[in-house]
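**Student:** Dropping a structure here in structure tokens format, bear with me for questions.
What follows is calculated from the coordinates using simple rules that are stated; it is not laboratory data. Worth saying up front: this structure is predicted, and the values here are computed from it rather than measured. Reconstructed Cβ throughout: ideal geometry from the backbone, glycine too, with neighbour counts over all protein chains shown.
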Amino acid sequence: MITVLTGGTGGAKFVDGLRQVVAPEELSIIVNTGDDLLWWGLYVSPDLDSITYALAGLLSKERGWGVKGDTFQCLQAMGQLGQPIWFHTGDRDLAVHLVRSQLLAHGLTLSQATAEIASKLGVAARILPMSNSRVETRVMTPTAGELSFEEYFVQRWFQDPVESVRFAGAADAEPAPGVVEAIKQANLVLIAPSNPVTSIGPILAIPGVREALLEAKATVAAVSPIIAGAAVSGPAGVLMSVQGLPVSIAGIAQAYADFLDVLIVDNRDAHNAEELRKSGLRVHCTNTVMRSSLDKMTLAQAVLECVSGQGSSAHTATE
């Protein structure tokens, strides 16, 4: 069994590649829910949706989020009615938000609602929200005060300077059912090329998750979202700096230092990889840019080949 920790567009692309080379029944995907928001009175979970669409073969390749071929007639109508439209919800995407909100209103947990939606869309892999408790990523800015992540990222195009990031509610949250078990029972744990602060950070902030990674018997491997000192996309570089992490593959290694066994980086970081290997970390170079479906599949295959036969994880020796 392969367990993946993921969030963001890079994470969704990586999972899209994995589904092409791994049987879906072998995949358990633990997904960031720190970006979740109420939109037009509906419960929206952007990362859960992207992963579900990726595994169902429905993810828009052009946008990297939402449903391919979607229409936006409801969005246009809501704008005409004076409602906010900065969060671009497509019509088919909206149907998922409606069903999720209905299931939650009927007393189902987020995990149960996610499983129900995934089943209806023909997804065989296990999609696990990081927690059934509400955890919200909050970004403090000097220009607009404290923002939700989607306000910072989508509404304001991540242009504001950032002072700090916090995960409201994380300290009192619990891992959703199956999350800790998926990590501990996995044959391989992968951390997708996601923003380490706001995509993976909320997952690690849930009490018990980091401990499960430390106790995992499987190899824990991460794919770097940083190439040659810059983020592939989005505000990862800015947010890493705010957290005191170098914007480099060394910064990614530092973010996961206590449990990471293998780091997969882009070929353009070959020299930096050599320096990082001196710390004792296993570092593998390959092409990590995912522009096409073939790129996604090739990266997923390269990651699996890199970690195959590595045996038990190195971090268990330091427990």
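**Student:** Which ³J(HN,Hα) values in Hz, rounded to whole numbers, follow from the phi angles of the range 54-68 under the Karplus curve 6.51 cos²θ - 1.76 cosθ + 1.60, where θ = phi - 60° and Gly and Pro get x?
**Tutor:** Rounded to whole hertz, the list is 4, 5, 8, x, 10, 5, 5, 6, 5, 8, x, 8, x, 8, 5.
**Student:** Starting from the Cα of LEU304, step 7 Å along the direction of its Cβ; do the same at ASP172; then give the gap between the two resulting points in nm.
**Tutor:** Rounded to a tenth, the inter-label distance reads 4.3 nm.
**Student:** Can you spot the aspartates and glutamates whose alpha carbon is less than 15 Å from LYS13's alpha carbon? Ignore those fewer than 8 places along the same chain.
**Tutor:** ASP47, ASP49, GLU62, ASP295
**Student:** Still on this model: Tell me, what ³J(HN,Hα) does each residue in the range 135-142 have, in order and in whole Hz, if you take phi through Karplus 6.51 cos²θ - 1.76 cosθ + 1.60 with θ = phi - 60° and put x for Gly and Pro?
**Tutor:** 10, 10, 6, 10, 10, 8, 10, x
**Student:** Net charge near SER111, counting Lys/Arg +1 and Asp/Glu -1 over other residues with Cβ under 12 Å of its Cβ?
**Tutor:** Details: positive: ARG100, ARG126; negative: GLU116, GLU174.
That works out to 0.
**Student:** Still on this structure, please answer the following. Whole-Hz ³J(HN,Hα) for each residue in the range 232-239, computed from phi via Karplus 6.51 cos²θ - 1.76 cosθ + 1.60 with θ = phi - 60°, x for glycine and proline: what do you get?
**Tutor:** Running phi through 6.51 cos²θ - 1.76 cosθ + 1.60 with θ = phi - 60° gives 4, 7, x, x, 4, x, 4, 6 Hz.
**Student:** Quick one: work out Rg over Rh on the C-alpha atoms of the chain, Rh as Kirkwood radius.
**Tutor:** Working: Rg = 18.7 Å, Rh = 19.7 Å.
With Rg and the Kirkwood Rh in hand, the quotient comes to 0.95.
**Student:** Test of understanding: in a Gaussian network model of the chain with alpha carbons linked when under 10 Å, which of GLY69, GLY169, GLY17 would top the mean-square fluctuation ranking?
**Tutor:** Comparing GLY69, GLY169, GLY17 in a Gaussian network model of the chain, the most mobile one is GLY69.
**Student:** What is the gain in length, in nm to one decimal, between GLU275 and GLU26 on full extension, counting 0.36 nm per residue of separation less the C-alpha to C-alpha distance? Write down the numbers at each step before the final one.
**Tutor:** On the way: separation 249, 0.36 × 249 = 89.64 nm, distance 3.46 nm.
Additional length available on full extension: 86.2 nm.
**Student:** Full-extension gain between ARG134 and ALA228, please, as 0.36 nm times their residue separation minus the C-alpha to C-alpha distance. Each step should come with its number before you reach the end.
**Tutor:** Details: separation 94, 0.36 × 94 = 33.84 nm, distance 3.53 nm.
Between ARG134 and ALA228, full extension yields 30.3 nm more.
**Student:** Let me ask something else. If you find the alpha carbon centre of the range 1-72 and of the range 250-268, how far apart are they in angstrom?
**Tutor:** First find each Cα centre; the distance between them is then 23 Å.
**Student:** On to the next question. In the chain, what percentage of the DSSP-assigned beta bridges are antiparallel, given to the nearest 5? Write out the running numbers ahead of the final one.
**Tutor:** Details: 16 of 41 bridges.
Restricted to the chain, the bridges split so that about 40 percent are antiparallel.
**Student:** While we're on this one: Over all directions, the average projected area of the alpha-carbon convex hull for the range 163-284 comes to how many nm²? Don't skip to the answer; put the middle values down first.
**Tutor:** On the way: hull surface 30.1 nm².
Average of the hull's projected areas for the range 163-284 equals 7.5 nm².
**Student:** Around VAL283, which amide H atoms from residues at least 5 apart in sequence, or from another chain, sit under 5 Å from its own amide H, with H modelled in the peptide plane?
**Tutor:** HN-HN under 5 Å from VAL283: LEU263.
**Student:** Calculate, in whole percent, how much of the Cα-Cα pair population of the range 1-140 lies beyond 19 Å.
**Tutor:** Values: 4803 of 9730 pairs.
Taking all Cα-Cα pairs of the range 1-140, the fraction more than 19 Å apart is 49 percent.
**Student:** Can you give the angle from 0 to 90° between the axis of helix 293-307 and the longest principal axis of the chain, with both taken from C-alpha atoms, to the nearest 10?
**Tutor:** Roughly 40 degrees between the two axes.
**Student:** Next question. In nm, give the distance between the simple-model label positions of ARG92 and GLU146, each being 7 Å from the Cα along the Cα-to-Cβ direction.
**Tutor:** 3.8 nm
**Student:** Using only the alpha-carbon atoms, how far is helix 8-18 inclined from the longest principal axis of the chain? Give it as 0 to 90 degrees, nearest 10.
**Tutor:** The helix 8-18 is inclined about 70 degrees to the chain.
**Student:** Here's something else I'd like to know. Please give the helix 91-105 orientation as an angle from the longest Cα principal axis of the chain, in degrees from 0 to 90, rounded to the nearest 10.
**Tutor:** 90 degrees
**Student:** Give me, ordered by chain and number, the residues 5 or more places off LEU128 or on other chains with an amide H under 5 Å from its own placed amide H.
**Tutor:** For LEU128, the qualifying residues are ILE29, ILE30, VAL31.
**Student:** While we're looking at this one, here's another question. Stretched out fully, how many nm does the piece from LYS68 to ARG291 gain, at 0.36 nm a residue minus the Cα gap?
**Tutor:** On the way: separation 223, 0.36 × 223 = 80.28 nm, distance 1.59 nm.
Contour length minus Cα-Cα distance gives 78.7 nm.
**Student:** Compute the FRET efficiency between GLN102 and LYS184 as 1/(1 + (r/R0)^6), taking r as their Cβ-Cβ distance and R0 = 30 Å, and round to the nearest 0.05. Intermediate values should be presented prior to the final figure.
**Tutor:** On the way: r = 33 Å, r/R0 = 1.11.
So, using R0 = 30 Å, E works out to roughly 0.35.
**Student:** Moving on. For LEU147, which sequence-distant residues (separation of 5 or more, or a different chain) have an amide H within less than 5 Å of its own amide H, given hydrogens modelled in the peptide plane?
**Tutor:** Residues meeting the amide H criterion: VAL139, MET140, THR141.
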